[in-house]
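Please read the structure below before turning to the comments.
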Amino acid sequence: MTALSIRNLTKVYANGFQALKGIDLDVAEGGFYALLGPNGAGKSTTIGIVTSLVNKTAGSVKVFGHDIDQELEQAKACIGLVPQELNFNQFEEVLPIILNQAGYYGVPRKIALERAEFYLRKLDLWDQRELMSQRLSGGMKRRLMIARALVHEPRLLILDEPTAGVDLEIRRSMWKFLREINAQGTTIILTTHYLEEAETLCRNVGIINNGEIIKNTDMKTLLSELDVETFVLMLRQPLQDNSILSPFNGRQTDENTIELDLPRSESLNRIFQQLSANNLEVVSVRTRENPLEALFMGLVGIEETPLAALSEAAGAAR
Amino acid sequence: MKLASYRVAFHTLVHKEIMRIMRIWVQTLVPPAITMTLYFVIFGNLIGSRIGQMGGHSYMEYIVPGLIMLSVITNAYANVVTSFFGAKFGKHIEELLISPVPNWVILWGYVLGGMARSLAIGVIVTIISLFFTRLQVQHWGITISVLILTSILFSLAGFVNAVFAQKFDDISIVPTFVLTPLTYLGGIFYSVQLLPEFWQKVSMLNPILHMVNAFRYGILGVSDIPIATAYSIICIFIVLFYCICLRLLQRGVGLRT
């Protein structure tokens, strides 16, 4: 069954900005789907329409077969949302926030209490259950929103940049948790700026840019499209003559570091031999960037450093 | 969503609203009690003793129903407008909007919250008034029904204001420039029969005058206007505001982009 089916979805805001230009999207039940795109590309608008926080202009959305125009309540009951911005009552304690959300979905109090304890323990928040939510740390607030989104046990969990501003350790524990609930059958849609996150977690990926889906495939297929990889080699001795790099499409970035753009079909042995012949010893080798990031940047037409370029793309999209 | 789920959602919403009122009781319950005590002391006791009788009752007795009504009206309105706008402003209204709670359940949840606060304050003010005068309720049915209907009406009105409000200033405009003048000119402190004929007729256009008089009739048995007219006006406004609220929620005005 299809967890989410979007057809010809269009959104034109009151100021005339067309955020979505008739996108089609399918997410299979049980899938772990990454929706990627620069700021302003249309990710949050898409999620907003699916969760009925944004009114669509045209098109259709079905959640587990329930059309949001005809069966909105049934569609909503299937969804759990972890939004990009904090949207819980900062003056309420942690436990009531979870219990209230359960109540809105019709979960009786007794069951809600059991589930709240389960998810708060799972997300390391049980000890903070009586704490005013505004006093939680940034990472805790993110985890609180995940616990809240899960308390009614949705079939489809949508996470809009759930790990933004979260430190690496917590991010990895959140990944582990998300993998667990996905393995238990919950379909997950994730938007993120951390491409490593998408590559690590998701089996399918859609890339949206300027309100259009420009790629919608599985992660393996997408990554296989990357035919050139950049390697960074650290040398023990300074490189005096960089002309030895010219056959390898390489460049010297400082006196002990070189970068090489190699097609995937080509072996690294040849360059190692060349360097050995010149009495240069390689101390370490690493790839310059995340492969998905390289693909992403290519697809959305970004060539500069990711951060600067993403901001520029966002500006252009606006 | 089944009926049992609606019941759970409704109960959750009402519980949340009541907990909010209790959590900030110093802001919600205490100020009206202090204000009304001052009204009783200054207008009822000090000035009232020099005014003499009005409508066949002492001035203190005469103003008690109006002051209870004033508290109910302002607090029903204030509770809903503050709570709903606060939820909008803090974005936690999204918790409700993404959930399968139908609009009518959301609306009644907030209205019940407004009723809970306004009726609690109505009881507090009534108890305070007993320190100043003896009240002998003439028509319990009319007293309670007018009180409940008025609290529903102004909770709904507060909801409309909250939906349209975009900043905190917007939630004080209607209470300051519309509600307070209409309430003070609604016969709380005087009988409209004291006014010249022209102003008596103008006063009849003020719906709050009808509510105050109906409530006064329930307690004291005196009114400047027919009770049936008062009930009709309250019920018409309730239906009108209820339809407006549901329509606004359905269209997502001020809530969905």
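Quick look at the numbers
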| item | result |
| --- | --- |
| Cut-off 19 Å, label 7 Å out along Cα→Cβ of A:N279, residues of segment A:234-257 by amide N | A:235-245, A:255-257 |
| Residues whose placed amide H lies under 5 Å from that of A:E93, excluding near-sequence neighbours | A:S133 |
| Highest-fluctuation residue, B:L67, B:L147, B:L185 considered, GNM on chain B with Cα pairs under 10 Å | B:L185 |
| Average beta-carbon neighbours from other chains, 10 Å sphere, peptide B:7-20 | 4 |
| Using distinct alpha-carbon pairs, which all enter the 1/r mean, Kirkwood radius of chain A in Å | 21.8 |
| Fully extended contour minus Cα-Cα distance, from B:I18 to B:T229, at 0.36 nm per residue | 72.7 nm |
| Between 0 and 90°, nearest 10: helix A:138-150 axis offset from chain A longest Cα axis | 50 |
| Inter-label distance, nm, simple model (7 Å from Cα along the C-beta direction), A:L299/A:F91 | 4.4 |
| Over segment A:1-113, relative contact order from alpha-carbon pairs under 8 Å, at least 6 apart, % | 24 |
| Stokes-Einstein D for chain B, Kirkwood Rh over Cα pairs, 10 °C, 1.306 mPa s (µm²/s) | 84 |
| Debye intensity ratio I(q)/I(0), log10, the protein assembly as shown, q values 0.05, 0.11, 0.12 Å⁻¹ (C-alpha model) | -0.33, -1.02, -1.12 |
| Value of relative contact order over chain A, rounded to a whole percent, pairs C-alpha under 8 Å and six or more apart | 20 |
| B:E197/A:M132 FRET efficiency (R0 60 Å; Cβ-Cβ; nearest 0.05) | 0.55 |
| Helix-only [θ]222 nm of chain A, DSSP H runs n ≥ 4, -39500 (n - 2.57) each, per residue, nearest 500 | -10500 deg cm²/dmol |
| Cut-off 14 Å between beta-carbons: net charge of the residues surrounding A:L239, Lys and Arg +1, Asp and Glu -1 | -3 |
| D (Stokes-Einstein, µm²/s), Kirkwood Cα radius, segment B:103-177, 1.306 mPa s at 10 °C | 111 |
| Positive minus negative residues near B:F89 (Lys, Arg vs Asp, Glu; Cβ under 15 Å) | -2 |
| Footprinting exposure proxy for A:E73, A:E92, B:E197 (fewest neighbouring C-beta atoms within 10 Å first) | B:E197, A:E73, A:E92 |
| For chain A, built as a Gaussian network whose Cα springs stay under 10 Å, the top-fluctuating residue of A:T230, A:T187, A:T163 | A:T230 |
| Vicinal HN-Hα couplings computed from phi for segment A:39-52 (Karplus, 6.51 cos²θ - 1.76 cosθ + 1.60; Hz; Gly/Pro x) | 4, x, 6, x, 4, 5, 5, 4, 5, x, 5, 4, 8, 6 |
| FRET efficiency, B:S172 to A:R179 (Cβ-Cβ, R0 45 Å, nearest 0.05) | 0.35 |
| Trypsin sites (Lys or Arg not before Pro) lying in DSSP loop within segment A:198-274, provided at most 15 other Cβ fall within 10 Å | A:R203, A:R236, A:R264 |
| Ascending count of other beta-carbon atoms within 10 Å, so fewest first, for B:Y184, A:Y194 | B:Y184, A:Y194 |
| For chain B: relative contact order, % (alpha-carbon pairs under 8 angstrom, 6 or more apart) | 25 |
| GNM result for chain B, Cα springs below 10 Å: residue of B:L179, B:L38, B:L13 fluctuating most strongly | B:L38 |
| In order through segment A:261-267: 3J(HN,Hα) via Karplus (6.51 cos²θ - 1.76 cosθ + 1.60), integer Hz, x for Gly, Pro | 9, 10, x, 4, 6, 8, 7 |
| Charge sum, other residues only, whose C-beta stays under 15 Å from B:Y110's C-beta, Lys/Arg counted +1 and Asp/Glu -1 | +2 |
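Quick note: the coordinates plus some simple rules give every number you see, no bench work behind them. Only a predicted model underlies this, so the values are computations on that prediction, with no experimental measurement involved. Counting neighbours? That spans all protein chains shown, and the Cβs are built from the backbone with ideal geometry, glycine included.
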